[in-house]
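For reference, the structure discussed in these notes is given below.
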Amino acid sequence: MRAALAAATVALLTGCSAPAAEAATSLDGTAGRLTEIQSMDDAQGTTAVPADQRYTVDFGVREGESGPASFQIDCNRGSSTWQMSADDSGTSGRLTFGPIAVTEMACPPGSLDQRVSRALTAVRGYLLQDGRLHLSLFADSGILTWEPVD
């Protein structure tokens, strides 16, 4: 597990708040594995759980306002940039990804690759809670839940 996410999680679980300067960089250098997709769209079902661990996000360290992001989306890889602004607690705030470049391999039947790719472009906020990172989507259309990568 990456140190920054671990520190933010410890602060969240113990009720301690990190200083504002640390809170603003709480996702820098962290990585997560997708555990669940919650959707408010009845056509897609309400919850999907990836069958394997081939869905990851890696937040590179920001220099200035944005930093690099890389993704494993089942049989495809992606890259982008990311920006965030934390609220006063440092455990939630605004988060967006820039345009995401994704390889176009045909994943096996039942893959969530297209659904995850679409959802990542709609991320608008984040919440660190119970040791997990929850990414909320545009217009409250869903939530991607990630656990720290060991």
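The values are calculated or read from the model by the stated rules, or taken from the named source; none is laboratory data. These figures come from a predicted structure and were not determined experimentally. No Cβ is skipped: glycine too gets one built from the backbone with ideal geometry, and neighbour counts run over all protein chains shown. SASA here: full protein model, heavy atoms, side chains in, ligands and nucleic acids out. Shrake-Rupley method; radii C 1.70, N 1.55, O 1.52, S 1.80 Å.
Of the residues in the range 57-86, how many are free of Cβ contacts under 8 Å to residues at least 12 places away in the same chain and outside any strand (DSSP E or B)? Quick ask: steps written out before the conclusion?
Step one: filter the range 57-86 for residues free of Cβ contacts under 8 Å to residues at least 12 places away in the same chain, giving 63-64.
Narrowing the set further to residues that are outside any strand (DSSP E or B) leaves 64.
Looking only at that region, the number is 1.
I'd like the full set of residues that are closer than 14 Å to Thr30 by Cα and open to solvent by 20 Å² or more (accessible area, probe 1.4 Å), limited to the range 128-147.
Arg132, His134, Glu147
Look through the range 60-76, keep the residues that are open to solvent by 60 Å² or more (accessible area, probe 1.4 Å) and under 15 Å from the mean Cα position of the chain (by Cα), and return whichever of them is modelled with the highest pLDDT. Outline the logic, then answer.
Step one: of the range 60-76, the residues open to solvent by 60 Å² or more (accessible area, probe 1.4 Å) are 61, 63-65, 68.
Next cut, under 15 Å from the mean Cα position of the chain (by Cα) only: 61, 68.
On the way: Val61: 95, Pro68: 98.
Selected residue: Pro68.
Among the residues of the range 89-117, count how many are at negative phi and surrounded by fewer than 14 Cβ atoms within 10 Å (Cβ to Cβ). Working first, answer last.
As a first pass, look at the range 89-117 and keep what is at negative phi: 89, 91-92, 94-109, 111-117.
With surrounded by fewer than 14 Cβ atoms within 10 Å (Cβ to Cβ) added as a condition, the list becomes 99, 101, 103-106, 108-109, 114.
Residues in the range 89-117 being at negative phi and surrounded by fewer than 14 Cβ atoms within 10 Å (Cβ to Cβ): 9 in total.
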